[in-house]
Amino acid sequence: MLVGTAILAPATVQDCRVQALFAQDGQTSDAFGLALCFDGHMAVIAAPGRSGAYVFELERESWSAASLLVPRDGYESVFGFGASTAVSGETVLVGASGNGYPPYLGSVSVFQRHASGTTWTEVERLRADHGSEYDGFGSSLSASGGWLLVGAPYRLDLPFQEGTVYLYRR
């Protein structure tokens, strides 16, 4: 059975400790690790084969699984959920490049951590304002300091299908 594993190690070789991360409930074809991001004490690792993204947290020099993020409308309805991930502070973003109508328009789910620190809620779903079929909105993500970049690399309604990057600010 092939299930994914991610290995985290410090940037320096001196006194290097390595830890393998994996989904406790991993299954064949989850594609665990296809997309991942890291922000200090938090790592987000996508498993698009199961339409989920795992949040791992660093506590006392050890990483542990904290949550599995899934789209609020269920596993099956958000095709490609986990195509990309980004994290900024207490906000996690997960791209679903194959989601939406028209087909493959794409979306980005925005998850916010509750004050309790243990649960997450999908608070918003972003979609391209002027998207069209097969744009792939959400194929790539980057977040920093209240800014979000969302890639739609297959924008077909442009003359040369050159793609678009959408910029959002909170």
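As a rough guide to protection, the peptides 26-35, 60-69, 80-89 ranked by mean Cβ packing within 10 Å, highest first, stand as 80-89, 26-35, 60-69.
Normalised radius of gyration (Cα atoms, divided by 2.2 N^0.38 Å) for the stretch 29-152: 0.99. Once both labels are positioned 7 Å from their Cα atoms along Cα-to-Cβ, the gap between GLU124 and HIS41 label points is 2.5 nm. Note on surface exposure: GLU57, GLU124, GLU162 rank GLU162, GLU124, GLU57 by accessible area, highest first, 1.4 Å probe.
The values are calculated or read from the model by the stated rules, or taken from the named source; none is laboratory data. The structure displayed is predicted, hence computed values, not measured ones. Note that we place each Cβ from the backbone using ideal geometry, even for glycine, and neighbour counts take in every protein chain shown. Please note that ligands, DNA and RNA were not included when accessible areas were found on the heavy atoms of the full protein model with its side chains. Shrake-Rupley method; radii C 1.70, N 1.55, O 1.52, S 1.80 Å.
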